[in-house]
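Structure first, commentary second.
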Amino acid sequence: MAEISLAIGTSHAPQLGTPPDQWGERAKADRGNPALIYQGKEYSYDDLRELRQAAFADDCEPEVWRRRHAASRAAIATLGKALHDADLDVLVIVSSDHKEIFRDELLPQFAVYWGDSVAHVPLTQAALDAFPPGLAIAEVENYPKVATTRACRPDLAVHLIKETSKAGFDPSASRELPAGTYDDHGIPHGWGFIVQQVLGGQDVPAIVPVFVNTFYEPNQPSAARCYEFGRALGQAIRSFPEDLRVGVVASGGLSHFVIDEDLDRDFLVALRKKDGGFMTALDAQVLRAGTSEYRNWIVVAGALAESPLDALLIDYQPCYRSEAGTGCGMAFVLWDRAAQSA
């Protein structure tokens with residue numbers, strides 16, 4: 001039977017792939033955003049700055065940016081080494097598509113890709129030129145320099161689709177990804193970050209992409225639904241009849257585009273305690289904008305609820321990029337047997 005041998009959770013925000021002296025470029029978008037979400041409410045930048053008393057100016061000093069960027073990259077390297085050392089047969093990657101692939105024609109709550117392989121294609125210069133300020137420099141790091149084909153495990157993917165369906169879910173099944181925004185039928189940045197930035201683009205095991213609609217109205221799954229889907233996903237992996245060493249990944253989050261350190265730290269404690277009650281109680285009004293990517297982590301937490309693996313916090317870095325507290329709470333977590341004694 002298959003086993004979940006290891007799991008990781010990692011943020012994939014643009015600041016991780018951006019030189020720290022350019023983090024302020026993304027703050028330009030924050031200052032123009034009329035609906036910054038903080039603790040379930042919407043604020044203009046000026047209102048948010050007033051609410052939080054411009055308390056994060058010191059966090060935006062160049063030295064702080066450099067230190068937090070370096071610490072985040074070190075954590076990513078630690079996770080990458082753990083994945084490589086685990087000698088995995090397959091990696092189930094749970095992430096959120098920002099309408100790069102699935103768009104308004106059909107936007108599934110959950111989808112599993114079951115093709116034999118999947119394209120991983122570099123962005124065109126035209127696509128890079130169209131990005132908002134501060135994004136292109138980061139996005140290019142999530143894609144290979146030349147078009148690449150990533151191996152998948154359709155047998156495991158089909159098993160996951162069938163077993164989670166039996167458990168009462170209705171995952172969409174994609175054997176060929178839509179052409180998407182970039183007309184390439186390829187995996188987008190949430191999966192590309194894992195393949196390129198965490199694994200270095202080399203010695204990548206077969207992957208099974210799992211999509212969660214974290215962002216978009218009207219059909220984001222609730223936190224409770226994500227957790228239960230994750231439980232069904234974990235049970236499906238463990239019931240696969242072939243002996244496989246399976247890794248599971250949560251890609252995205254934590255709080256952004258406004259950082260909420262208290263929420264992030266409470267959630268990380270809940271992961272370590274396997275506190276499903278805390279996770280399933282998270283309100284949909286809070287899980288909006290980038291903070292919606294908590295849902296990816298909740299799915300993975302559900303998948304590990306019955307696992308002997310325990311969570312080890314590698315690092316948490318609140319990477320502020322403006323005095324109003326915008327930015328991303330960067331979290332890096334490893335679940336493995338060694339974590340039980342850490």
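The values are calculated or read from the model by the stated rules, or taken from the named source; none is laboratory data. Please read all numbers here as calculations on a predicted model, not as lab measurements. Note that we place each Cβ from the backbone using ideal geometry, even for glycine, and neighbour counts take in every protein chain shown.
Of note:
- Single condition F215 does not satisfy, out of (1) more than 25 Å from S174 (Cβ to Cβ); (2) touching a Ser or Thr at 6+ places or on another chain (Cβ under 9 Å): (1)
- One residue alone among Q22, Q15 is surrounded by fewer than 20 Cβ atoms within 10 Å (Cβ to Cβ), out of contact with any helix residue (DSSP H, G or I) (no Cβ under 6 Å at 6 or more places or on another chain) and polar (S, T, N, Q), and that residue is Q22.
- Residue ID - farthest from L156 (Cα to Cα), chosen from residues in the range 75-102 that are assigned to a helix (DSSP H, G or I) and more than 18 Å from the chain's Cα centre (by Cα): K81
- Test: residue in the range 40-53 that is within 24 Å of G252 (Cβ to Cβ), basic (K, R), at pLDDT 95 or above and in contact with a Gly (Cβ under 9 Å, 6 or more places away or on another chain): yes
- Residue check, P122 modelled with pLDDT of 95 or more and either polar (S, T, N, Q) or outside any helix (DSSP H, G or I) (or both): yes
- Per-region count, the range 73-89, residues over 20 Å from G252 (Cβ atoms) and either free of Cβ contacts under 8 Å to residues at least 40 places away in the same chain or surrounded by 15 or more Cβ atoms within 10 Å (Cβ to Cβ) (or both): 6
- Residue in the range 75-89 that is hydroxyl-bearing (S, T, Y) and over 28 Å from T181 (Cβ atoms) present: yes
- Residue match in the range 34-42 (condition: in contact with a Phe, Trp or Tyr (Cβ under 8 Å, 6 or more places away or on another chain) and among the aromatic types (F, W, Y)): no
- Among the residues of this structure, G9 counts as one that is out of contact with any Asp or Glu (no Cβ under 6 Å at 6 or more places or on another chain), crowded, with 21+ Cβ neighbours inside 10 Å and at pLDDT 95 or above.
- Failed condition for D46, given (1) assigned to a helix (DSSP H, G or I); (2) farther than 27 Å from E139 by Cβ; (3) under 22 Å from the mean Cα position of the chain (by Cα): (3)
- Single unsatisfied condition, A54 versus (1) surrounded by fewer than 18 Cβ atoms within 10 Å (Cβ to Cβ); (2) in a helix (DSSP H, G or I): (2)
- Restricting the first member to the range 1-18 and to residues that are part of a loop (DSSP other than H, G, I, E, B), and the second to residues that are at pLDDT below 95, the beta-carbon pairs closer than 7 Å and six or more apart or on different chains are T18/G134; T18/I137; T18/A138.
- Condition check for D47: surrounded by 15 or more Cβ atoms within 10 Å (Cβ to Cβ), without any contact (Cβ under 8 Å) to a residue 60 or more places away in the chain, more than 30 Å from S172 (Cβ to Cβ) and charged (D, E, K, R): yes
- Hits in the range 20-36 - residues which are outside any helix (DSSP H, G or I) and closer than 21 Å to A138 by Cβ: W23, G32, N33, L36
- Hits in the range 194-214 (condition: touching a Gly at 6+ places or on another chain (Cβ under 8 Å) and closer than 22 Å to A331 by Cα): V195, Q197, V198, L199, G200, T214
- Flag for I237 being more than 18 Å from the chain's Cα centre (by Cα) and touching a residue at least 12 places away in the same chain (Cβ under 8 Å): yes
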